[in-house]
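Coordinate-derived values only; no laboratory data. Since this is a predicted model, take the numbers as computed values, not measurements. Cβ sites come from the backbone with ideal geometry, for glycine too, and all protein chains shown count toward neighbours.
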């Protein structure tokens, strides 16, 4: 099922804000855009990170999920010097510490410095720690 909410920026191309399949929600890359204006909220990496996370959160809410349900996140930044600032804001929102990748890339749409996409799922079974040594 395609997910669309007015509480997050409209897609900038031919894709959905998210796709929900069974218990999974795949959220497309979100920039630090103001949902009302479609413009970058600030030139500061911290503020872009905060807004990108809020956009992801709004989309997850439409999927009846929250940031606590995120199992995989991918952060995109254009300047590795912003990593500490981005990481600081990220840690405020993701206390559950999902798996995460970081991509440093040359450029993003709207000259953004930061973007985020996530995969979230419903269910408590993925929060249990597994010890494969016992198998």
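Here are a few things to note about the model shown:
- Burial ranking of peptide ranges 35-41, 83-89 (average Cβ count within 10 Å, highest at the top): 83-89, 35-41
- When shorter helices are ignored and each DSSP H run of at least 4 residues is given -39500 (n - 2.57), the per-residue value for the chain at 222 nm works out to -7000 deg cm²/dmol.
- Listed residues 42, 101, 28, most fluctuating in the chain (Gaussian network, C-alpha, under 10 Å): 101
- Just so you know, the Cα atoms of the range 17-65 work out to an Rg and Dmax of 11.6, 37 Å.
- Ordering of 115-123, 51-59 by packing [mean C-beta count within 10 Å, highest first]: 51-59, 115-123
- Restricted to Cα atoms, the chain shows a radius of gyration and a Dmax of 15.0, 53 angstrom.
- Antiparallel DSSP beta bridges within the range 2-122, percent to nearest 5: 75
- Working from label points 7 Å from Cα in the Cα-to-Cβ sense, the residue 21 to residue 36 distance is 3.6 nm.
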